[in-house]
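A short write-up of the structure that comes next.
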Amino acid sequence: MGLFSQANSNKFEFRGFSVSVLRRPYQRTIGVTVKPSGLIAVTASKTTPHRLINNFLKKCEPWIEKVQCEYSDLRKKYPKKLGLQGEPYLFKG
């Protein structure tokens, strides 16, 4: 189980992106992590209002789009291996 699969997390959409919010009791800041799958993970205090999280995401939106674009480029450059016969694999670099 990952960090964001706990009972005190909730999910919502932000401008087409899936956002998972993990609320912690003693956290003082809002943190944003962009996962390679495209999920945006936000950590915040239990008392942080939803409005404040949305405002923070609006402020971070250029950075979020930049990171998701980088992950998209990496997925194109290194496609997922299918395990087919004759498919090239890098070994030791």
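The values are calculated or read from the model by the stated rules, or taken from the named source; none is laboratory data. Small disclaimer: the values here were computed from a predicted structure and weren't measured. Cβ placement follows ideal geometry from the backbone for every residue including glycine, while neighbour counts extend to all protein chains displayed. Only protein heavy atoms, including side chains, enter the accessible area calculation; ligands, DNA and RNA are left aside. Shrake-Rupley method; radii C 1.70, N 1.55, O 1.52, S 1.80 Å.
Quick check: anything in segment 64-81 more than 14 Å from the chain's Cα centre (by Cα) and closer than 17 Å to residue 13 by Cβ? No: zero hits.
Please tell me if residue 85 is polar (S, T, N, Q) and open to solvent by 100 Å² or more (accessible area, probe 1.4 Å). Spelling it out, residue 85 is indeed polar (S, T, N, Q) and open to solvent by 100 Å² or more (accessible area, probe 1.4 Å). Of all residues in segment 38-56, none satisfies being of a type in the set (Lys, Arg) and either touching an Asp or Glu at 6+ places or on another chain (Cβ under 9 Å) or under 30 Å from residue 90 (Cβ atoms) (or both). Within segment 36-81, being touching a strand residue (DSSP E or B) at 6+ places or on another chain (Cβ under 6 Å) and either without any contact (Cβ under 8 Å) to a residue 12 or more places away in the chain or part of a loop (DSSP other than H, G, I, E, B) (or both) holds for 39, 46. Pull up segment 1-35, narrow it to residues that are within 21 Å of residue 72 (Cβ to Cβ) and open to solvent by 80 Å² or more (accessible area, probe 1.4 Å), then point me to the one that is modelled with the highest pLDDT. The selected residue is 13. If the condition is being open to solvent by less than 40 Å² (accessible area, probe 1.4 Å), out of contact with any Gly (no Cβ under 8 Å at 6 or more places or on another chain) and under 13 Å from residue 11 (Cβ atoms), then segment 42-56 contributes only 53.
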